[in-house]
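Asker: Before I ask anything, here is the structure I am working with.
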Amino acid sequence: ADGDDRPLRVESLTKTFGGILAVDSATFAVERGSITGLIGPNGAGKSTTFNLITGVHEPDSGRIYFDGEDITGLQPHRVAERGLVRTFQITRELGEMTVLENMLLAFQNQRGEALWRAVLPGVRGSVVDQERELLERAWETLELFEIDHLAHEEAGTLSGGQRKLLELSRALLTDPELLLLDEPMAGVNPTLEGKLLERIHDLTDRGYTFLIVEHDMDVIMENCERVIVMHQGSVLADGPPAAIQADERVIEAYLGG
Ligand code: ADP
Ligand code: MG
């Protein structure tokens, strides 16, 4: 709305918990169609930043803009409705449902009714028609990630890597524009990791944008166009991987613990 094409902008974001300054005046932006890494030592404020962006926590101060609009303080489902979506871990409860049921539930939970309109613009058909369409989309997405053969398995029986693919599939079904991934490669074997990264790159070619928290430095440096480094709640560095890897302050922050 204000001529800035970077879909996500975070300005002077600050969040304290009791006396702890979890996020300290963080400012950064994410380019459209990019993969941006958000890294930093444990306790740096990465998860809190994700929680602020997605409306789980409200910042003490600072603003969050998505597609030029101020979304600061919006409820999580409102943020998701706009197309800013994070992946969710498959909980024990969800683990007892099938992969397909997980997909359909994700659709309901994250975007709710507004998405019926978003996904099916102008559809005048019956609820049954809409459900059929949704089911088709769910299958297509499972096929894209090559987990369609697991559709009727309980999600809890999937391997760590398959679970990550399901988490991403669930998020994609809600038709997001920008996805926040918190450690997407944790517990994923190298073959599946390669597949997952390939899919993520394909999706950026189609205009999706990713902000990824990931501990595996090789994954970050080889796949991200830009890397934002947080340390003690602040943005310590922000730039292309090569510059980040050579940055003395970044090296010190990691070695200093
Ligand atoms: P990271 O994800 O980079 O490891 P976090 O955002 O989880 O870091 O945590 C940043 C700081 O905020 C840590 O000191 C952490 O203990 C604290 N913190 C995070 N969430 C909460 C919370 N809900 N209540 C209290 N302290 C929290
Ligand atoms: Mg964290």
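Read the figures in this text as sums done on the coordinates, not as results from a lab. A quick note: this is a predicted structure, and the numbers were derived from the prediction, not measured. Virtual Cβ from ideal backbone geometry, glycine too; neighbours counted across all protein chains shown.
Asker: Residue under question is residue 171, and the condition is that it be among the small types (Gly, Ala, Ser) and in contact (Cβ under 8 Å) with a residue 60 or more places away in the chain; does it hold?
Answerer: The answer is yes for residue 171.
Asker: With respect to residue 140, determine if the residue is farther than 24 Å from residue 214 by Cβ and not in a loop (DSSP other than H, G, I, E, B).
Answerer: The answer is yes for residue 140.
Asker: Of the residues in region 37-60, how many are on the phi > 0 side of the Ramachandran plot and buried (at least 16 other Cβ atoms within 10 Å of the Cβ)?
Answerer: Total meeting the criteria: 3.
Asker: Say whether the condition of being touching a helix residue (DSSP H, G or I) at 6+ places or on another chain (Cβ under 8 Å), outside any strand (DSSP E or B) and either touching a residue at least 12 places away in the same chain (Cβ under 8 Å) or surrounded by 18 or more Cβ atoms within 10 Å (Cβ to Cβ) (or both) is met by at least one residue in region 24-36.
Answerer: For region 24-36, residues touching a helix residue (DSSP H, G or I) at 6+ places or on another chain (Cβ under 8 Å), outside any strand (DSSP E or B) and either touching a residue at least 12 places away in the same chain (Cβ under 8 Å) or surrounded by 18 or more Cβ atoms within 10 Å (Cβ to Cβ) (or both): present.
Asker: While we're here: Can you work out which of the residues in region 199-238 that are part of a loop (DSSP other than H, G, I, E, B) and away from ligand 1 (no atom under 16 Å from the Cβ) is farthest from residue 38 (Cα to Cα)?
Answerer: The qualifying residue farthest from residue 38 (Cα to Cα) is 206.
Asker: Between a first residue in region 43-58 that is charged (D, E, K, R) and a second residue that is near ligand 1 (Cβ under 6 Å from one of its atoms) and part of a loop (DSSP other than H, G, I, E, B), which pairs have beta carbons less than 6 Å apart while being 6 or more apart in sequence or on different chains?
Answerer: Sorted first by the residue in region 43-58, then by its partner, the pairs are 46/40.
Asker: Next question, about the same structure. Regarding residue 42, is this residue within 16 Å of ligand 1 (Cβ to nearest atom), out of contact with any strand residue (DSSP E or B) (no Cβ under 9 Å at 6 or more places or on another chain), outside any strand (DSSP E or B) and of a type outside the set (Phe, Trp, Tyr)?
Answerer: It is true that residue 42 is within 16 Å of ligand 1 (Cβ to nearest atom), out of contact with any strand residue (DSSP E or B) (no Cβ under 9 Å at 6 or more places or on another chain), outside any strand (DSSP E or B) and of a type outside the set (Phe, Trp, Tyr).
Asker: Still on this model: Pull up region 45-75, narrow it to residues that are within 14 Å of the chain's Cα centre (by Cα) and more than 14 Å from residue 178 (Cα to Cα), then point me to the one that is nearest to ligand 2 (Cβ to nearest atom).
Answerer: Looking at residues that are within 14 Å of the chain's Cα centre (by Cα) and more than 14 Å from residue 178 (Cα to Cα), I get 47.
Asker: Same structure, new question: Considering only region 83-106, state which residues are in contact (Cβ under 8 Å) with a residue 24 or more places away in the chain and assigned to a loop (DSSP other than H, G, I, E, B).
Answerer: 83, 87, 88, 89, 90, 96, 97
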